[in-house]
Amino acid sequence: MTTQTGVESSVGAEHRAAGRRMSTGRAGDRVFAGAARGSGIIVLAIMAAIAVFLIWKAIGPLRENQANFLTSETWNPNATPPRFGIAQLAFGTVMSSLLAMLMATPVAIGIALFISYYSPRRLAAGLGYLVDLLAAVPSIVYGLWGLIFLSRHMEGISSFLNGALGWIPLFGGDSPGKNSIFTASVVLAIMILPIISSISREVFLQVPQAHIEASLALGATRWEMIRMSVLPYGRSGMIGASMLGLGRAMGETIAVAMVLTFVPGINPHILEDGGATFAANIANSFAEATRTGQGALIASGLVLFVITLIVNMAARAVVARRREFV
Amino acid sequence: MSAAPATGLSKPTRTGSELTSVSLRRKIKDRLVQVLVYMAFALAVIPLVSVLWTVVANGLARLDGTFFRFSMNGLSGRDPGGGAYHAIVGTLEQVAITSLIAVPIAVLTAIYLVEYGNGGRLARVISFFVDVMTGIPSIVAGLFILALWLLTFGFEFSGFAGSLALTILMIPTVVRATEEMLKLVPADLREASYALGVPRWRTVCFVVLPTAMTGIVTGIMLAVARVMGETAPLLLTIFFTKAINTNPFDGPQGSLPTFIWEQAADPNQNSIDRAWTGALVLILIIMLLNLGARMIARLYRPAGGR
């Protein structure tokens, strides 16, 4: 009877034993198992190949580069001699995606709480689907919407923020505009809402019902129940979710490329027009790039790849840690 | 293991004092949070409605026969007329090729993870990197195909190169969806099949896969909808053209996302209108795929599942 618990791992062991007994001499089994295993290995090979080929194609242009790749703010790889550095791109990427994460996380957790604990039970699935629709809208459409619709409305918000919070250097500057890092981060925040809220919802689903009922039985209000049993339990999951959102925002290309106007040089005033990110710069400058230019873009893409890899792995590790004490 | 009981025990002791405090304040706090949570949800719905509304309102202007029957060949951004025939054909071909490559690899990988991996080291590593692969920025996938297919192997821009880039983005989503579905197949079915002396591969192909088929199809359709809207990798691998090119293996091809990108870059109103209509068509296709996937999942749900 113990084998019928449905626990995957124990059943898997049974299979293995059964499979070994049967597979003696059956060619079909060997071929099929080999194909399945081979496909898995192809996935690993692709990941390795991405790293290898990006590094390989980036080395040449990096050697020719006359500027410091890490600290220079100029991006001029098509000139002779080529001069390019990623300082501005790194600043734009980190700034826009961090802002997006800060804006999206509270809202996304609010959405997850709403769907899990506030909305009527019957509507919950439909409302969840509505939020998932946000993820189904392609980034090019967000870009078009941001460029033509949202940026027009951002001008007022930007000048208001500039007037009210201008004493903070980040919101300072003389000419708040509409194609700024701030506008880009608003678009990014909308785009990463669904992933943060759907992972938070998954985490909330795993909160033991006993914790919830215990706090309600003690006379807690709904908010007290959430604060005392749901939020502490889901903390690492929510942190992981927002980090996954951060990784998403860093890699987002087209929407940012359409919304941001490129102005050379790091501008710490995020309300002013201008700025660039790794991904947007690749999309914008690829068409005019020479061979060296393409290599330089690949080098910057490699940096983006490494950063998102680190953020994603850390996020997965944080989310996975939760599973251990379930 | 020790972390959970600790939090579970320490909370109630703190709760005791808080729960006996003034009732009105607690009530107000509770209401306040409720309002905030409702507002958070409204905040998510506003952009969704706004995006869909602007796309529909602006896109209807050019949603005519010309749009579906003509390409942009010989037209500049200022000219009225013109259409996205070349882009729609290109997108459909690219997505079809992508699915042909990605689906077998992804489904077999999921089969390995669930049926053959047994939680061994290789299965764990593959599972981890599938997760990591989900997070690869689409532009990096494009750069990889650029570095491998175009710069190293020396091929030209082509629809096929774009499909290769999209494949990288499609594999992880299909693996995850298929894996979830295979895990839901009851172990009894497999054991019954083994007991009849059916070899393992036939069990997987003719018992496990058919049982999970609707879920897998749903997952594939959602993945197709996702890669269909990708733009960034296509810019680096397919480039774009205004003319009709039905051969995905030869030269630049059109695609809906790059069509929108190209038309939106031109400040003329005729061009912007075409971009909106392109966006409307793209969203319609994606929403249809999405809805279709959910319908299939609902209609063919296995009886008594979960």
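Readers should treat all values here as calculations from the given coordinates under stated rules, not as data from a laboratory. Since the structure is predicted, the reported quantities are computational estimates derived from the model, not experimental observations. Neighbour counts run over all protein chains shown; Cβ positions are idealised from the backbone, glycine included.
In this Cβ point-charge picture (+1 for Lys and Arg, -1 for Asp and Glu), region A:86-324 has a dipole of about 700 debye about its Cα centre.
Please state the relative contact order of chain A as a whole percent: Cα pairs under 8 Å, 6+ residues apart?
Relative contact order comes out at 24 percent.
Shielding of peptide B:101-111 by partners, expressed as the average count of other chain Cβ atoms within 10 Å per residue Cβ, is 4.
Counting alpha carbon pairs within less than 8 Å and at least 6 residues apart, what relative contact order, in whole percent, applies to chain B?
Relative contact order here is 26 percent.
The region of chain B that goes longest without hitting one of the chymotrypsin sites (Phe, Trp or Tyr not before Pro) in a DSSP loop, each with at most 16 other Cβ atoms within 10 Å, is B:156-248. One equal scatterer on each Cα of the protein assembly as shown, no solvent, Debye formula: the resulting log10 I(q)/I(0) at q = 0.10, 0.11 Å⁻¹ is -0.99, -1.17. Its residues counted as N, chain B yields a C-alpha radius of gyration over 2.2 N^0.38 Å of 1.30. Simple rule: put +1 on each Lys or Arg Cβ and -1 on each Asp or Glu Cβ in chain B, find the dipole, and look at B:Ala177, B:Thr66, B:Pro257; the Cα lying farthest toward the positive end is B:Ala177. The share of C-alpha pairs in region B:87-221 whose separation exceeds 27 Å stands at 30 percent. In this label model, A:Glu64 and B:Lys29 are separated by 6.4 nm, measuring between points 7 Å along each Cα→Cβ vector.
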